[in-house]
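This is the structure I have questions about; it appears just below.
The values are calculated or read from the model by the stated rules, or taken from the named source; none is laboratory data. Please read all numbers here as calculations on a predicted model, not as lab measurements. Reconstructed Cβ throughout: ideal geometry from the backbone, glycine too, with neighbour counts over all protein chains shown. For accessibility, only protein heavy atoms count, side chains too; no ligands or nucleic acids. Shrake-Rupley method; radii C 1.70, N 1.55, O 1.52, S 1.80 Å.
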Amino acid sequence: MAPILSSKPNSTTPSSKSNNHHQSKTPHSKHRLNFTKEMATTAAMPPIEHPVEVIGRIRNQPDQKNKPIMIPSVIKINTDGKSLRAKTEIGYRDFTFDGVSLSEEDDLDGFYKKFVESRINGVKLGNKCTIMVYGPTGSGKSHTMFGSATQPGIVYRSLRDILGEGDRVDGEKIGGGTFVLVSVLEIYNEEIYDLLSSTDTGGGFGFGWAKGGSAYKVRLEVMGKKAKNATFISGNEAGKILKEIQKVEKRRVVKSTLCNERSSRSHCMIILDVPTVGGRLMLVDMAGSENIEQAGQNGFEVKMQTAKINQGNIALKRVVESIANGDSHVPFRDSKLTMLLQDSFEDDKSKILMILCASPDPKELHKTIATLEYGAKQNA
Ligand SMILES: Nc1ncnc2c1ncn2[C@@H]1O[C@H](COP(=O)(O)OP(=O)(O)OP(=O)(O)O)[C@@H](O)[C@H]1O
């Protein structure tokens, strides 16, 4: 249960000077990316770059129209602009990231410009980039990735940027000739499914069909570091491609929960290749990260499902730890998610961005803390 906030000032509250210290009283989650402590470096030894850059993104308060009193947020940005402070019943916890964003202040446009655009520019030059959204159900992962009717999300904005739309001279599109190949995969219960495999060929797209691929949700094997025989669409119009992606994204396995009418129970991976330059963008909308107790689930099958979702999350954490520690063996093969991400993680020039989505709602505090802990840097 979420702790009840105390209105009294708490004696354990750290002063602003000690912003960078964790309150040790709130239990720490086992599931965290475990950033290594920043080490003292010399000129001969450049600082070790962490393989993943992490942004903390706090969604708007859920609709409070019918509530008599505005519920105050339990999260705020500290003055350093890189850490978030969570108010708990026993004080505060601070979490430091590469960047932070409140959706109340940065809408999806502002968020994209601040944290995503520069990485997409790299893809246009032929680099690889992976962007993952992680967090519990209802925290705004799909909203950040896909946006809404009025506010496009990362998928559409990056497609537009890559395809050079909006950049027109005399009605002619700049960047003509650029096209993308797109695959959409789902990882559910540790199996990979091809979400495009049963799409019809209408809409003016070029389709590359997987072998025998018109049955509903074809299951794919991993060959090397890729899903073998995945169907792809090719096109050069962001709007049309987005529509297709959104249509097939609706085929993901979902379940209704108290927090979200359409809670994703699977990871969704959109792989976007730019053949003209050799760039690749992987966008991953991860399944809700809550554990079995938090999800309040009963029944063997549902518990197994949550355990399998967590397998991907825990494997990802282990992979990041192993790379950060310089281990000779990195356990990519522990989950289907990490198998498909292996290429990105092994490529030195690849950018990996993890967006941790969380809620400012006091009722969600435990989940918010678990999410922020997963990717926060350990403060010195
Ligand atoms: N920043 C935001 N502003 C407005 N509405 C939001 C915001 N973030 C999320 N929402 C809304 O809250 C609901 C839940 O968000 P969303 O579906 O993105 O959660 P999720 O983290 O993807 O959950 P799941 O893991 O269950 O798929 C949606 O109706 C979404 O439109």
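What is the sum of charges around Ser118, taking Lys and Arg as +1, Asp and Glu as -1, for the other residues whose C-beta is under 12 Å from the C-beta of Ser118?
Numbers: positive: Lys113, Lys114, Arg119, Lys124, Lys351; negative: Glu53, Glu117, Asp161.
Overall, the nearby charge balance is +2.
Tell me, what is the per residue accessible area of region 332-380 in Å², probe radius 1.4 Å? Walk me through the numbers on the way to the answer.
Values: 1600 Å² over 49 residues.
Value returned for region 332-380: 33 Å² of accessible area per residue.
Sticking with this structure for a sec: Can you give the net charge of the other residues whose Cβ lies under 12 Å from the Cβ of Glu346, counting K and R as +1 and D and E as -1? Intermediate values should be presented prior to the final figure.
Numbers: positive: Lys128, Lys225, Lys349; negative: Asp343, Asp347, Asp348.
Local charge sum for Glu346: 0.
Starting with the highest mean, order 148-161, 351-364 by the number of other Cβ atoms within 10 Å, averaged over the residues of each peptide.
Averaged packing, sorted descending, gives the order 351-364, 148-161.
Ok, one more. A 23 angstrom limit on the alpha carbon distance is what I want to check against. Which of Lys141/Lys351; Lys82/Lys225; Lys124/Lys247; Lys336/Lys363 exceed it?
Values: Lys141/Lys351 19 Å; Lys82/Lys225 34 Å; Lys124/Lys247 26 Å; Lys336/Lys363 32 Å.
Among Lys141/Lys351; Lys82/Lys225; Lys124/Lys247; Lys336/Lys363, the Cα-Cα distance tops 23 Å for Lys82/Lys225; Lys124/Lys247; Lys336/Lys363.
Sorted by average packing, counted as other Cβ atoms within 10 angstrom per residue and highest first, what order do 185-192, 97-104, 130-137 take?
On the way: 185-192: 20.1, 97-104: 18.5, 130-137: 25.8.
My ranking of the peptides, most packed first, is 130-137, 185-192, 97-104.
Which net charge results when you count Lys and Arg as +1 and Asp and Glu as -1 among the other residues whose beta-carbon is under 11 Å from that of Asn127?
Numbers: positive: Arg119, Lys124, Lys128, Arg280, Lys349, Lys351; negative: Asp347, Asp348.
So the surrounding residues net to +4.
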